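Q: The structure follows.
The values are calculated or read from the model by the stated rules, or taken from the named source; none is laboratory data. Just so it is clear, the model here is predicted, and its values are computed rather than measured. Here the Cβ positions follow ideal geometry from the backbone for every residue, glycine too, while neighbour counts run over all protein chains shown. Remember, those area values only see protein heavy atoms, side chains included, never the ligands or the DNA or RNA. Shrake-Rupley method; radii C 1.70, N 1.55, O 1.52, S 1.80 Å.
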Amino acid sequence: MKKNDSNIKKAIKYLNNNECIAIPTETVYGLAGNAYSDKAVSRIYKLKKRPRGNPLITHYYNINNLKKDCEFDNTFIKLYKKFCPGPITFVLKLKKKSRVSKIITNNSNSVAVRFPSHPLTRKLLKKINYPLAAPSANISTSISPVSRQDVVDEFGPKLKFVLDGGYSKIGLESTIINLIGKPHILRLGGINSKLIYKLINPLENKNKKKIKIKVPGTSKLHYSPGIPVRLNAKKNYQNEAYILIKKRKKLDKNYFYISKTNNLKEAAKNLYKTLRIIKKNGYKKIAIEKIPNINIGEAINDRILRASKK
Ligand code: TXA
Ligand code: MG
């Protein structure tokens, strides 16, 4: 515990100096900086090699901190009460007086916000008086990191500090919902879309129009492991790494289990880690067994479908 406290102190020192650091979240690790500082935010874009037109998610401790920067309605409050802190991101309207750096929002009047549940990062957010801008802590288009080592593998000594919070529990990014106009999901993720839609009051949103919004970071290139990926594979061919979710009788050095019991939560947690191991081992091709398209399986399928497109 003491070590965690001194690491949080260290993290705050860097952040107060407008440096960026990596932070653990329950979804994936984030590359974080003061969301009110143009300098800190510019550093995130530079380090991550992220195109400037792709906006960042801003992480808050709670709704009280958010009030200064964003407008929200009852639908937001309902979802917030049910799912936060947790793996859901809301696109909201910015207030005119908001201090969020214009670089984060790409000069638009909307911003994506999230309340991560990882205890270390919550402790950190509670102690600072600014929110944290944080995209996933990988070089643009690479696989999102789910451990301290993954982050180190991405940035090496260029990144000064990683707050180590162990393996990310969920292992896939948050679900993003646009709450400007008619609520709709922009990216599948940690919370199943059905649970979200079940909670939204259709009457309250009856007269709202669906407002189209660009989500630049969900382009197919984004989740690419850099080698061909074959989906719904019933078997693997020679030299192909084979990702499986159910135990097979046969032993094969090319088998990589993300679960042995068809457990989708476990599979989500292990997916990015396994893709990294496969790449490190020098495989040139990946095959993936069919993943049931229910619960978090929906988000797994979304990511592997993007990864399979060239
Ligand atoms: O779980 C997560 O959401 C992780 C952790 C670190 O919080 N973060 C994450 O950030 O996945 P990133 O930058 O890798 O993905 C954020 C996505 C991008 O696709 C970006 O284009 C979209 O959110 N986005 C950000 N702000 C937006 C906005 N105002 N409107 C629409 N899309 C937005
Ligand atoms: Mg990302």
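Q: Which net charge results when you count Lys and Arg as +1 and Asp and Glu as -1 among the other residues whose beta-carbon is under 13 Å from that of LEU79? Present the calculation step by step, with values, prior to reporting the outcome.
A: On the way: positive: LYS78, LYS81, LYS82, ARG114, LYS198; negative: ASP73, GLU204.
Net charge around LEU79: +3.
Q: Further question on the same structure: So what does log10 I(q)/I(0) come out to for the range 158-310 at q = 0.18 Å⁻¹, using the Debye formula with one equal point on every Cα and no solvent?
A: -1.11
Q: Over the chain, average the accessible area per residue using a 1.4 Å probe and give it in Å², no decimals.
A: Details: 15560 Å² over 310 residues.
Accessible area per residue, the chain: 50 Å².
Q: Quick one: compute a quarter of the convex hull surface over the Cα atoms of the chain and quote it in nm².
A: Working: hull surface 64.9 nm².
Mean projected area for the chain: 16.2 nm², to one decimal.
Q: Further, regarding this structure: With 32 Å as the limit, write out which pairs from LYS97/LYS158; LYS208/LYS246; LYS81/LYS208; LYS182/LYS280; LYS158/LYS280 have Cα-Cα distances beyond it, or answer none. The partial results should precede the final answer.
A: Details: LYS97/LYS158 34 Å; LYS208/LYS246 44 Å; LYS81/LYS208 22 Å; LYS182/LYS280 43 Å; LYS158/LYS280 21 Å.
Those over the limit are LYS97/LYS158; LYS208/LYS246; LYS182/LYS280.
Q: Normalised radius of gyration for the range 94-165, please: alpha carbon Rg relative to 2.2 N^0.38 Å, two decimal places.
A: Numbers: Rg = 14.3 Å, N = 72, 2.2 N^0.38 = 11.2 Å.
The reported ratio for this selection is 1.28.
Q: How much of the accessible area of the range 79-170, in percent, comes from carbon and sulfur atoms when a 1.4 Å probe is used?
A: Values: 2040 of 4080 Å².
On the range 79-170, the fraction of accessible area on carbon and sulfur atoms equals 50 percent.
Q: Amide H neighbours of SER110 under 5 Å, at least 5 residues apart or on other chains, H built in the peptide plane: list them.
A: Amide H neighbours of SER110, under 5 Å, 5+ apart: LEU94.
Q: Oh, and also: Based on the alpha-carbon set only, what is the convex hull volume of the range 122-220 divided per residue, in Å³?
A: Roughly 151 Å³ of hull volume per residue.
Q: Here's something else I'd like to know. Quick one: which of 134-144, 25-35 comes out on top by average Cβ neighbours within 10 Å, and what's the full order, highest first? Don't skip to the end; give the middle numbers.
A: Values: 134-144: 22.3, 25-35: 27.5.
Taking the mean over residues of other Cβ atoms within 10 Å, the ranking is 25-35, 134-144.
Q: Highest mean first, how do 179-185, 49-55 rank when packing is the count of other Cβ atoms within 10 Å averaged over residues?
A: Values: 179-185: 18.6, 49-55: 14.9.
Final packing ranking: 179-185, 49-55.
Q: Please report, for the Cα atoms of the range 229-308, the Rg to one decimal and the Dmax as a whole number; what are they, in angstrom?
A: In Å, with Rg to one decimal and Dmax whole: 11.5, 32.
Q: Quick one: 3J(HN,Hα) in Hz for the range 232-238, Karplus 6.51/-1.76/1.60 with θ = phi - 60°, rounded, Gly and Pro as x.
A: 6, 7, 7, 8, 10, 8, 3
Q: Of all the accessible heavy-atom surface of the range 205-310, with the other protein chains kept in place and a 1.4 Å probe, what percent is carbon and sulfur? Mind dumping the intermediate values first?
A: Working: 3480 of 6540 Å².
That fraction is 53 percent.
Q: By how many degrees, 0 to 90 and rounded to 10, does the Cα axis of helix 297-308 deviate from the longest principal axis of the chain?
A: 70
Q: Further, regarding this structure: When the convex hull of the Cα atoms of the range 16-96 is projected onto a plane and the area is averaged over all directions, what value comes out in nm²? Before the final figure, lay out each step's value.
A: Details: hull surface 24.3 nm².
Here the figure is 6.1 nm², rounded to one decimal.
Q: Could you derive backbone 3J(HN,Hα) for the range 276-287 from the dihedral phi with the Karplus parameters 6.51, -1.76 and 1.60 (θ = phi - 60°), listing whole Hz in sequence and x where the residue is Gly or Pro?
A: Going residue by residue, I get 5, 4, 4, 5, 4, 6, x, 4, 10, 8, 10, 10 Hz, with x marking Gly and Pro.
Q: Using only the C-alpha atoms of the range 26-149, find the volume of their convex hull and express it per residue in Å³. Before the final figure, lay out the partial values.
A: On the way: hull volume 12.8 nm³, N = 124.
Per-residue hull volume (Cα only) is 103 Å³.
Q: Right, next: Could you state the angle between the C-alpha long axis of helix 2-16 and the longest principal axis of the C-alpha atoms of the chain, as a value from 0 to 90 degrees rounded to the nearest 10?
A: Approximately 60 degrees, to the nearest ten.
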